[in-house]
Each structure stands twice: as structure tokens, then as C-alpha cells.
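Let me begin by presenting the structure, written as C-alpha cells, before commenting on it.
The values are calculated or read from the model by the stated rules, or taken from the named source; none is laboratory data. Worth saying up front: this structure is predicted, and the values here are computed from it rather than measured. Ideal geometry is used to build each Cβ from the backbone, glycine not excepted, and the neighbour counts take in all protein chains shown. For accessibility, only protein heavy atoms count, side chains too; no ligands or nucleic acids. Shrake-Rupley method; radii C 1.70, N 1.55, O 1.52, S 1.80 Å.
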Amino acid sequence: MLLKEIKDIRSIIKDWKKDGLTIGYVPTMGCLHEGHKSLIEKAVSENDKVVVSVFVNPTQFGPNEDYDSYPKNIDEDLEICKKSGASIVFNPDKEEMYFNNKSTTVSVSELTNVLCGAKRPGHFDGVCLVLSKFFNIITPDKAYFGEKDFQQIAVVKRMVRDLNINIEILSCPIVREKDGLAKSSRNVYLSKEERKAALVLNRSLSLAKEELKHGERNSKIIKDIIVNELNKEPLAKIDYVEIVDSESLNDLEIVNTTALIPIAVYIGKTRLIDNFIFNI
Ligand code: AMP
């Protein structure tokens, strides 16, 4: 069922709660793919009812980012949600979600000054604001996030802890194309040539993973392997390559604890992210 108004979804959720049903929630910006589908299916397997929000959130885009051109395909999104067993697709308009004179910010001060937070100022404030709103509207028991946006999960978990929001945050592994490219709504921006070039993200991470498996623990050496591989691809421009503690997101000079190895790379004009977790 497609709903666009907050009052309508609230009324249905009130009935579900009266009946003692559990609610799973999957936040998305639409243009759904197998990655989103995996989150919805996990939510369906663990809850009585599942809500998927499809909302391109203006407050998480910077002034020179792709808010206006962000891909949309609501008909296919509805089809995917239906097939995956979601109960409601919540697709509010911008005006339904935001007041003209909104004056509240939600800002997590730790974990947000590094990686994508450092490169996209204000991004996580926008994410936290919209998720606080959706959490208040939907009041789910569990919410599902993809590990492709690993920093987002860390930030959301911190927000939920700090604000005593009674929602369990769960994460799901990265879903990839057969050739290894992490699925992303932004992949539709890639030309044929860029699509081929984009494989360099996963290739460079795979080289780093091998090196770690063979016992290398020096972050600089591992980073250099990734950077060298990325630099071989003329269409790729590095935004960042980091090796950080997977919980604090602080830099790791030596990989002596569970590490997150995240990268952000422009392929042409399209900014793509990927990562892997290495458990020692
Ligand atoms: P988005 O629509 O890009 O905002 O993503 C909505 C949710 O889907 C986020 O929790 C993402 O981390 C997750 N997601 C996006 N791509 C993938 C993927 N390839 N594998 C798993 N989860 C994903």
C-alpha cells in the first residue's frame, strides 16, 4: 500500500500496535535495487509488518550535490516492495516532511567529522534529522540499514543511544553486482565506460583484503595498495581511502583491532563508496 500523508500512516500504525504487531522499518531514497531488497526481506522475516520509506531527503544533500537529479522510479519501487513482502511504502512529499520554518537540528558531534562526514558537511545532520522524524512517525521496533553506508550505521546507533530511542538498529551486508560493483542507486548515472571503470573500487579493496589476510598490518602499506590500484584507472578520482577502527572510526596506524576500510571515489562525476570490514 502506498501512503503519502503522515496522518494516514499514523492511523494504520496505531491499529497495528493495538493488535500487538511488531514493525520493521527500512529507510530508503528510492530507485530500489537488490541491496534495498535484502534489507526489506530481512525486515519481513523478523517482523509482523514492514514499512519502507521512499524519500529523497533534501536536507542531507550539499548545495553542489545531486539532489535535483537523484534517480526516481516509484512504480518499480512499489513492485519491489510488494514482491519482497513490505506492508506499506511511505512516500511523502517534501512539503509533508518539512515545515518552511523548521528550526530543529539533530546533530551527532562524534563520528561525523571523518570519512563522508568530513567530505559532505552537514550530510549526517540531514540524515539524523530525517531519521528522527521517520522514527517518530513510524515508531518501529527494528530499523534496517546497509553496511555499504557503514558510517551512517555508526552515527544512527549513536543517535538512538544518546536520545534513548527505543528502536533496534540492524545492519545487512553489502549486495554486489555479479562483477563485484556494490549496488547503488547512483550506478544508473554511469556511462558504459564508467561502469567498467567503477570495478576498480572493489578490485582495489580485494587487493587490500588479500594483503591483510597474508598478515600485513601496516595501514600505510595497505592504503598505498588501494591508492595505487585506483590511480591506474584514468576515470577514477579518489575522494578518500581510510583505515579506521570500526567502532570509533578513529584512524588506525596498525590494524590491531576490527578495522573498517572505506573508500569514496569519483568515477567521472559520480561519487561511489565501498568498504569492507577486517576482523583480526
Ligand atoms: P539509499 O536509498 O541509498 O539511501 O539506501 C537505503 C538503505 O539501503 C541504506 O541503509 C543503504 O546502506 C542500503 N543499501 C544501499 N545499497 C546497498 C547495497 N548495495 N547493499 C546493501 N544495502 C544497501
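Structure above, values below:
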{"quantity": "Region 136-153, residues that are in contact with a Lys or Arg (Cβ under 8 Å, 6 or more places away or on another chain) and not in a helix (DSSP H, G or I)", "calculated": "139, 144"}
{"quantity": "The one condition in (1) touching a Gly at 6+ places or on another chain (Cβ under 8 Å); (2) within 16 Å of the ligand (Cβ to nearest atom) that residue 203 fails to fulfil", "calculated": "(2)"}
{"quantity": "Qualifying residue in region 160-172 (condition: in contact with a helix residue (DSSP H, G or I) (Cβ under 9 Å, 6 or more places away or on another chain), part of a helix (DSSP H, G or I) and closer than 17 Å to residue 52 by Cβ)", "calculated": "no"}
{"quantity": "Matching residues, region 170-193, being farther than 15 Å from residue 38 by Cα and either open to solvent by less than 40 Å² (accessible area, probe 1.4 Å) or within 14 Å of the ligand (Cβ to nearest atom) (or both)", "calculated": "178, 179, 180, 181, 186, 187, 188, 189, 190"}
{"quantity": "Hits in region 260-280 - residues which are open to solvent by less than 10 Å² (accessible area, probe 1.4 Å) and free of Cβ contacts under 8 Å to residues at least 60 places away in the same chain", "calculated": "261"}
{"quantity": "Residue within region 157-165 that is within 12 Å of the ligand (Cβ to nearest atom), surrounded by 19 or more Cβ atoms within 10 Å (Cβ to Cβ) and closer than 28 Å to residue 86 by Cα present", "calculated": "no"}
{"quantity": "Residues of region 228-259 satisfying the condition of being open to solvent by less than 40 Å² (accessible area, probe 1.4 Å), β-branched (Val, Ile, Thr) and closer than 18 Å to residue 198 by Cβ", "calculated": "241"}
{"quantity": "Residue in region 137-155 that is modelled with pLDDT of 95 or more, surrounded by fewer than 19 Cβ atoms within 10 Å (Cβ to Cβ) and of a type in the set (S, T, N, Q) present", "calculated": "yes"}
{"quantity": "Residues being under 12 Å from residue 144 (Cβ atoms), among the small types (Gly, Ala, Ser) and either more than 9 Å from the ligand (Cβ to nearest atom) or free of Cβ contacts under 8 Å to residues at least 60 places away in the same chain (or both) - total across region 10-40", "calculated": "1"}
{"quantity": "Residue match in region 211-224 (condition: over 26 Å from residue 65 (Cβ atoms), in contact with a Leu (Cβ under 7 Å, 6 or more places away or on another chain) and not small (Gly, Ala, Ser))", "calculated": "yes"}
{"quantity": "Unique residue being more than 18 Å from the chain's Cα centre (by Cα), within 16 Å of residue 26 (Cβ to Cβ), in contact (Cβ under 8 Å) with a residue 12 or more places away in the chain and within 14 Å of the ligand (Cβ to nearest atom) when the list is 88, 74", "calculated": "74"}
